[in-house]
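**Student:** Please find one structure pasted underneath; my questions will follow.
Each value in this text was obtained by applying a stated rule to the coordinates, not by laboratory testing. These figures come from a predicted structure and were not determined experimentally. Backbone-built Cβ (ideal geometry, glycine too); neighbour counts: all protein chains shown.
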Amino acid sequence: MFTTKKLCRAGIIAALYVVLTMAFQPISFGPIQMRVSEMLTILPLFYVESIPALFVGCLLSNVIGGFGIYDVGFGSAATLVAAIATYFIGIAIKNKIVKFPLGALPPVIANAFVVPLIFILTGYDYSYWFNVLTVGAGELPAVFAFGIVLYAIILRLQAHEATGKIFN
């Protein structure tokens, strides 16, 4: 059930995804990309409402600055599938140390294999396997390096929230 709090959180996540993608637009699109907003793809480990939020954020980003209809459709679908997979990993894995790297894999894998197809469909670039490597290489730091910081912050906030103390 979506509460007002969850709906607001989803809206903020979608907006953040778009803002981060557009703020770093020169590196957010193309065969050599590092979409900083992809750090948000670890959020389904914590919040179910982040699944549609990430989809909408990616969709809007791809409408504004992407590779046309193929990017809007396939790119956004890859984010949706990855977010769902990350969510189920979050449910299945209880160990907080193992949960992050396993939960961070779906967006890296989905984008590494889907985005190069978009390049081929749009006639932008036909070197599929090279682009799998370059897109995956850009996705890794976005999701793992920036995502681990976000993951740690959320874990800390949740620990403080459980004790009733937000700030020490």
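**Student:** Report, in degrees rounded to the nearest 10, the 0 to 90 angle that the Cα long axis of helix 96-122 makes with the longest principal axis of the chain.
**Tutor:** Computed tilt is about 20 degrees.
**Student:** Turning to a different aspect of this structure: Near the amide H of D125, under 5 Å away, which other amide H atoms are found, from residues 5 or more places off or on another chain, if H is placed in the peptide plane?
**Tutor:** Answer set, sorted by chain and number: I120.
**Student:** Rounded, prolate or oblate for segment 17-168? Axes are the square roots of the Cα gyration tensor eigenvalues, ordered a ≥ b ≥ c, and the cut-off for rounded is a/c under 1.5. Display every interim value, and only then the final one.
**Tutor:** Numbers: a/c = 2.16, a/b = 1.92, b/c = 1.12.
Since a/c reaches 1.5 and a/b is larger than b/c, the shape of segment 17-168 is classed as prolate.
**Student:** Hey, another quick one. Rounded to the nearest 20 Debye, what is the dipole magnitude of segment 4-163 about its Cα centre when Lys and Arg each give +1 and Asp and Glu each give -1 at the C-beta? Don't jump to the answer; show the numbers that get you there.
**Tutor:** Numbers: 8 positive and 6 negative charges, 114 e Å.
In debye, rounded to 20, segment 4-163 gives about 540.
**Student:** What does the C-alpha gyration tensor say about the overall shape of segment 121-168? Classify as rounded when a/c is under 1.5, otherwise prolate if a/b is larger than b/c, or oblate. Could you put the intermediate results ahead of the total?
**Tutor:** Working: a/c = 6.63, a/b = 4.35, b/c = 1.52.
It is prolate, given that a/c is not under 1.5 and a/b is the larger ratio.
**Student:** If we count every other residue with Cβ under 14 angstrom of T3's Cβ, Lys/Arg +1 and Asp/Glu -1, where does the sum land?
**Tutor:** Values: positive: K5, K6, R9; negative: E49.
Cβ neighbours under 14 Å give a net charge of +2.
**Student:** Can you compute the helix-only [θ] at 222 nm over the chain? Use -39500 (n - 2.57) per DSSP H run of at least 4 residues, normalise by all residues, nearest 500 deg cm²/dmol. All intermediate terms of the calculation are to be shown ahead of the outcome.
**Tutor:** Details: 7 runs with 114 residues, N = 168.
Rounded to the nearest 500, the figure is -22500 deg cm²/dmol.
**Student:** Also, I was wondering about something else. To test your reading of the geometry: what angle, between 0 and 90 degrees and rounded to tens, separates the Cα axis of helix 147-163 from the longest principal axis of the chain?
**Tutor:** 20 degrees
**Student:** Treating only the Cα positions of segment 89-168 as identical point scatterers, give the base-10 log of I(q)/I(0) from the Debye formula at each q in 0.17 Å⁻¹.
**Tutor:** Treating every Cα as an identical point scatterer, log10 I(q)/I(0) equals -0.74.
**Student:** Helix 128-140 sits at what angle to the longest principal axis of the chain, using alpha carbons and giving 0 to 90 degrees rounded to 10?
**Tutor:** Helix 128-140 and the main axis of the chain meet at about 30 degrees.
**Student:** Have a look at V19, V108, V143 and tell me which one the Gaussian network model of the chain (Cα, springs below 10 Å) gives the largest fluctuation.
**Tutor:** V19
**Student:** By per-residue mean of other Cβ atoms within 10 Å, what is the highest-first order of 62-68, 100-106, 135-141, 88-94? Numbers along the way, then the final one.
**Tutor:** Working: 62-68: 17.0, 100-106: 21.0, 135-141: 18.7, 88-94: 14.0.
Per-residue mean Cβ counts within 10 Å order the peptides as 100-106, 135-141, 62-68, 88-94.
**Student:** Given the options L43, L155, L133, state which has the largest fluctuation in a GNM of the chain using a 10 Å cut-off (strictly under) for Cα springs.
**Tutor:** Result for the chain, Cα springs under 10 Å: L155 fluctuates most.
**Student:** Return a whole-number percent for the relative contact order of segment 4-163, with Cα pairs under 8 Å and 6 or more residues apart as the contact set.
**Tutor:** Relative contact order comes out at 26 percent.
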